[in-house]
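The values are calculated or read from the model by the stated rules, or taken from the named source; none is laboratory data. The structure displayed is predicted, hence computed values, not measured ones. Ideal geometry is used to build each Cβ from the backbone, glycine not excepted, and the neighbour counts take in all protein chains shown.
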Amino acid sequence: MKTNFNKEDTQLHVGILGCGQINQAAHFIGTLKSRNVHLTAICDVAEDLLGKMAAMFEPDRIYTDYDEMLADPEVEAVIVGIGDQFHIPMAKKAVLAGKHVFVEKPMGVSIEECEELKQLAAEKGVVLQVGHMKRFDEGLQFAKQFIEEKLDTPTTYKGWYCDSIGRYTLTDNWQPVIYSSDKARKPAGNPKAILDHYYLLGHGSHLFDTALYLMGPIERVSARYVHKEKQHSWLIDCDFANGAIGNLSLIVAIAQDWHEGCEVYGTGGTVFAKTFNPWEFRSSEVDCFDAKTQCTVRPAAFDGQFYRRELEGFADTILHGAPQTGANADDGMMVMRALIATYESVHKDGAWIRLDEVQGGL
């Protein structure tokens, strides 16, 4: 079937591992809409779910065996969109097969396994990108450029990520129908059994990566945590390598609409950013005040398809040698270190934890 999407002559041929929610809601349609990506293959052990996705998204081939998809010479890159515990093992197999890898966030569940994947990708000379899609929010991209060019010396960062009690209702309305299968492969145990682990990995990774993207490396954190009824709340102080100080808050979930954003203060200006539930596909509203001109600028940021845009950036790096604008292995590992340091700090009465001393996992 011919689509109406404009495709470039040179396209990256990808195979997608997994037919779960993130691939159904984001990456299948992302590959179809991407100007420079072609959906070559889909792989999943659940044949019923695989067949349904193949009928909907029409890859060239389907596989129930991951090794067979990796042996396909037309598959140049793999999108790993499965359970967190499977990210590194499946990404490593792809790298060993000589494939470029896009792995969903979080990069993994331990520092050691992330370091091993980073080293392996470097040895094999393949591109490794972590799916921190907020780096492809046009509003935040404008904010980053403003910070680098107009803010002069950054002094203070405030970031917040507050999930909403109405999020699942809204997400169900925005997302396509998500199909499941009893034959799907699941990680051992129940990842949601320890909710502070689960929420830190799933939501805290966005909070930290936005801070890292806009402000640069984080050196240390000090965190407090409270759990009352169904609400989990973290307040996290952090010091950045550029000398700025920061405060981050993560709350799951608040009795209000989705509430996410950041403020950045510097000697030459200020940035205010309001970020929306990602399934609205709406870029952040960003106001940048320039002290020199005494003017506030808000960019027109119409393209909120972050998932398509991150795949196009991934493909441009591989196909044309463009600079990697997505999160690389070092970025993914720093987010992991920040998450683990936060967890450790909470259990040490808010002690400051240096990220470069963190080991282990969540």
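Residue check: is Val37 of a type in the set (A, V, I, L, M), surrounded by 20 or more Cβ atoms within 10 Å (Cβ to Cβ) and in contact with a helix residue (DSSP H, G or I) (Cβ under 9 Å, 6 or more places away or on another chain)? Spelling it out, Val37 is indeed of a type in the set (A, V, I, L, M), surrounded by 20 or more Cβ atoms within 10 Å (Cβ to Cβ) and in contact with a helix residue (DSSP H, G or I) (Cβ under 9 Å, 6 or more places away or on another chain).
Within segment 137-151, the set of residues being assigned to a helix (DSSP H, G or I) and under 19 Å from the mean Cα position of the chain (by Cα) comprises Glu138, Gly139, Leu140, Gln141, Phe142, Ala143, Lys144. Among all residues of segment 315-334, there is at least one that is over 22 Å from Ile29 (Cα atoms) and among the charged types (D, E, K, R).
Output yes when any residue across segment 340-349 is touching a residue at least 60 places away in the same chain (Cβ under 8 Å) and not in a helix (DSSP H, G or I), and no when none is. Within segment 340-349, none of the residues are touching a residue at least 60 places away in the same chain (Cβ under 8 Å) and not in a helix (DSSP H, G or I). Screening segment 285-299 for residues that are under 16 Å from Gly139 (Cβ atoms) and of a type in the set (Asp, Glu) and picking the one that is farthest from the chain's Cα centre (by Cα) gives Asp287. Please determine, by comparing only the residues of segment 240-249 that are within 17 Å of Met334 (Cβ to Cβ) and in a strand (DSSP E or B), which one is nearest to the chain's Cα centre (by Cα). Ranking the qualifying residues of segment 240-249, first place goes to Leu248.
Scanning segment 192-209 for residues being touching a helix residue (DSSP H, G or I) at 6+ places or on another chain (Cβ under 6 Å) and at pLDDT below 80 gives a total of 1.
Cβ separations smaller than 9 Å between residues 6+ apart or across chains give the following pairs from segment 64-92 residues that are under 24 Å from Asn190 (Cα atoms) and at pLDDT 95 or above to residues that are surrounded by fewer than 18 Cβ atoms within 10 Å (Cβ to Cβ) and polar (S, T, N, Q): Gly81/Gln21; Ile88/Ser110.
Here the condition is being in contact with a Ser or Thr (Cβ under 8 Å, 6 or more places away or on another chain), aliphatic (A, V, I, L, M) and under 26 Å from His320 (Cβ atoms); of Val80, Val75, Val95, Val45, it holds for Val75 alone. One residue stands out among those in segment 152-184 that are surrounded by 23 or more Cβ atoms within 10 Å (Cβ to Cβ) and more than 18 Å from the chain's Cα centre (by Cα): the one that is nearest to Pro278 (Cα to Cα), which is Tyr157.
Taken as a whole, the condition of being touching a residue at least 60 places away in the same chain (Cβ under 8 Å) and either surrounded by fewer than 13 Cβ atoms within 10 Å (Cβ to Cβ) or part of a strand (DSSP E or B) (or both) does not apply to Lys134. Can we say Phe276 is over 15 Å from Ala143 (Cα atoms), surrounded by 15 or more Cβ atoms within 10 Å (Cβ to Cβ) and without any contact (Cβ under 8 Å) to a residue 40 or more places away in the chain? Against the criterion (over 15 Å from Ala143 (Cα atoms), surrounded by 15 or more Cβ atoms within 10 Å (Cβ to Cβ) and without any contact (Cβ under 8 Å) to a residue 40 or more places away in the chain), Phe276 qualifies.
Looking only at segment 315-332, count every residue that is of a type in the set (A, V, I, L, M, F, W, C) and over 13 Å from the mean Cα position of the chain (by Cα) and tell me the total. Residues meeting the conditions: 4. Could you tell me whether segment 266-278 includes any residue that is under 28 Å from Gln175 (Cβ atoms), more than 16 Å from the chain's Cα centre (by Cα), modelled with pLDDT of 95 or more and in the same structural domain as Glu219 (by TED's automatic domain parsing)? The answer is yes; a qualifying residue exists. The residues on offer are Ala77, Ala91, and the sole one that is of a type in the set (Gly, Ala, Ser) and closer than 20 Å to Asn36 by Cβ is Ala77.
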